[in-house]
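In what follows, a single structure is set out as structure tokens and then discussed.
The values are calculated or read from the model by the stated rules, or taken from the named source; none is laboratory data. Bear in mind that the values here come from a model prediction, so they are computed numbers and not experimental data. So basically every Cβ, Gly included, is an ideal-geometry build from the backbone, and we count neighbours across all protein chains shown. For the accessible areas, the whole protein counts, side chains as well, though only heavy atoms, and no ligand, DNA or RNA atoms are used. Shrake-Rupley method; radii C 1.70, N 1.55, O 1.52, S 1.80 Å.
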Amino acid sequence: MFLDALADHCRNQPDKPALQFIGGPPVTYGDLARSINRSADYLLSLGIEPGDRVAVQLPKCLPFITFHLATMQIGAIFLPLNPAYPPSELRYFLADSAARLLIADAEDQAKLDPITAALPHHQKTAYIHKPGDSGADWLLDYSAQRDYPLPSDPDQTAMMLYTSGTTSRPKGALISHGNLTANIRSLHEAWGWRADDVLLHALPIFHVHGLVVALHGALHAGATAILCLAFDAAEVLELLASRRFSVFMGVPTMHRRLYQLASGRRIDLSHMRLMTSGSDRLPDDLFFGYQETFNITLLERYGMTETGMNLSNPLQGERRVGSVGMPLPGVSARIVDPETEASLPDGQVGEVQIKGAHVFKGYWRQPEKTAAAFSPDGWLRTGDMGMREADGYFSLKGRAKDLIITGGLNVYPPEVELALMRHPAVAACAVIGCPDKEWGEQVVAVIIPQHGARVDEAAICAFCREHLAAYKAPRRVILVDDFPRNALGKIQKAKLRAQFCT
Ligand code: MCA
């Protein structure tokens, strides 16, 4: 499994750099093994047991990575949390997951203590001082020597990742060791990961993209990952041009910024073995702009939290503009009629459904939602619309679900609408995504104010930021007297988009 491959690299190449944060010292595979063992020893000293949830809300730093790997190593369930979550969202994730332990930045103690004090399952918050500087120095008292048996049951849950829902609060998607391993093996084969690869890692690590696809990818190959603390386009472009790297993964907003920064200059990046784009559709102009400016063809792929990666353009062969490629090794994909779930012929648009050993186990304590996620014959309903061409390439054609993707992050309108409805001046609202060149889409709130209420648009946006992570908050507020509705009284969002997304 993935952890076995990592353990082999730690044994066989202990002096090779596994990771290095920009500006920090290299962390060899031997160092990484010691840090993971110390972290595991610490977790066990607290009585953390297999199946317990260990939540981590830290910036991008070494302790995040070592606690991630150590949690999975002892059979517990790793729950990463975006540092941008405001207290109300955090409270929900910690309560719903019944996490026993939270590992967090000491700077957030005043915010976190009142939340965790009220949670019955919460045992402890381990605060790390300056997590970006100190590494895990405070763990020096714990043993780095003990060898912990690695989980051997592929069905054992390794990670829990919250995904929002179209009709409900976020759900914890349970990803097993077997899921992670199946997906990383597929990617290894399809993308030709090599031990001499050097990954430039500029993604956040609290999502599947940055944590699993990028970081696990490099570690599984015994390669080296160089990590930027945050995405700074100028820094990343300079590093990419330095010829020290072979792999880079980004979302379209990142690629857009790199492309715009080049502003017409030709910068040769053809030495890069692999540059991928995902988490949102890659616009055609960016695909061609990259070829022209950087002399490289981006490889677009398609995945989701519940599965990791599903489809990919080929490493060798045609990387087709507007296409997310073909199923990865071990992955099956089909296009079905969204009503009848009958398979559709090539060239027709329907829902994309996925099967394979990488597909998640289900949602945490939500058997009905888990059942609803699958067709009667066991295919995962992605909620994405797509089409298969006769030669096997798939392309995405919109969404069956009410979802906005901004900067590669999913925002579910009902979640924003719920927050808006808590504002006393809002009588009714509808949240839509409007196309945006930089972000892909922009969150826009269309509001009917309470009778006689004065609505301050800036205050509405600020109110949302108190209750939601900032990227979910509306960028624009539009006031209306009424909504277009269908015969059943349902708001017609397509009409709102046609009217207001100009
Ligand atoms: C930051 N802001 C955003 C977003 N990110 N607004 C909308 N959408 C966003 N995604 C806002 C901040 O709140 C802030 O607003 C302002 O933009 C600048 O914030 P900053 O932190 O400086 O932004 P940034 O560092 O420039 O971040 C942009 C980014 C980042 C680098 C594109 O969003 C990012 O790393 N996106 C990648 C997300 C990702 O990894 N997705 C994978 C999900 P203000 O100034 O008003 O406060 S996994 C997935 O989707 C599946 C599995 C898959 O297929 O990969």
Just by accessible area at a 1.4 angstrom probe, what is the order of H451, H68 from largest to smallest?
H451, H68
Looking at the chain, send over the antiparallel percent of its DSSP beta bridges, to the nearest 5.
60 percent
Quote the relative contact order of the stretch 310-398 in percent (integer), defining contacts as alpha-carbon pairs under 8 Å separated by 6+ residues.
30 percent
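Once you have a ≥ b ≥ c as the square roots of the Cα gyration tensor eigenvalues for the stretch 115-233, tell me rounded if a/c is under 1.5, and otherwise prolate or oblate according to whether a/b is larger than b/c.
Values: a/c = 1.38, a/b = 1.17, b/c = 1.18.
It is rounded, given that a/c, with a ≥ b ≥ c, falls under 1.5.
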If you place +1 on the Cβ of every Lys and Arg and -1 on the Cβ of every Asp and Glu, how big does the dipole about the Cα centre of the stretch 1-135 come out, in debye to the nearest 20?
40 debye
State the cysteines of the chain left without a partner when partners are defined as other cysteines whose beta carbon lies under 4.7 Å away.
C10, C61, C228, C429, C461, C464
Working with all protein chains in place, sort T502, T293 by solvent-accessible area computed with a 1.4 Å probe, largest first.
T502, T293
Distance between modelled label sites at A357 and F500, nm, 7 Å Cα→Cβ extension
4.8 nm
Quick one: compute the contact order of the chain, relative version, from alpha carbon pairs under 8 angstrom and 6+ residues apart, as a percent.
11 percent
With unit charges on the beta carbons (Lys and Arg positive, Asp and Glu negative) and the dipole taken about the Cα centre of the chain, which residue among G303, M421, F64 sits farthest to the positive side?
M421
How large is the charge dipole for the stretch 346-502, taken about the Cα centre, if only the Cβ atoms of Lys, Arg (+1) and Asp, Glu (-1) carry charge, to the nearest 20 debye?
260 debye
About the Cα centre, charge dipole magnitude for the chain (Lys/Arg +1, Asp/Glu -1 at Cβ), debye
520 debye
Using a 1.4 angstrom probe on the protein heavy atoms only, line up R244, R497, R273 by accessible area, largest first.
R244, R497, R273
Euclidean distance between Cα centres, the stretch 282-335 to the stretch 347-396, Å:
18 Å
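For every helix of n ≥ 4 consecutive DSSP H residues, a contribution of -39,500 (n - 2.57) applies; sum these over the chain, divide by its total residues, and give [θ] at 222 nm rounded to the nearest 500 deg cm²/dmol.
Numbers: 15 runs with 150 residues, N = 502.
When only DSSP H runs of four or more count, the value is -9000 deg cm²/dmol.
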Over the heavy atoms of I184, what accessible area does a 1.4 Å probe trace out, to the nearest 10 Å²?
10 Å²
Any chance you could look up the accessible area of R334 with a 1.4 Å probe, heavy atoms only, rounded to 10 Å²?
30 Å²
State the extension gain, in nm to one decimal, for the chain segment bounded by R476 and D147, taking 0.36 nm per residue of separation less the distance between their alpha-carbons.
113.1 nm
Given the options W191, G433, A390, identify the residue whose Cα lies farthest towards the positive end of the charge dipole of the chain (+1 on Cβ of Lys, Arg; -1 on Cβ of Asp, Glu).
G433
Which aspartates and glutamates, if any, have their Cα less than 13 Å from the Cα of K495, not counting same-chain residues under 8 positions apart?
D482
Stokes-Einstein at 37 °C, 0.692 mPa s, Kirkwood radius from Cα pairs: D for the chain in µm² s⁻¹?
138 µm²/s
Got a number for the accessible area of V480? Probe 1.4 Å, square angstrom, nearest 10.
20 Å²
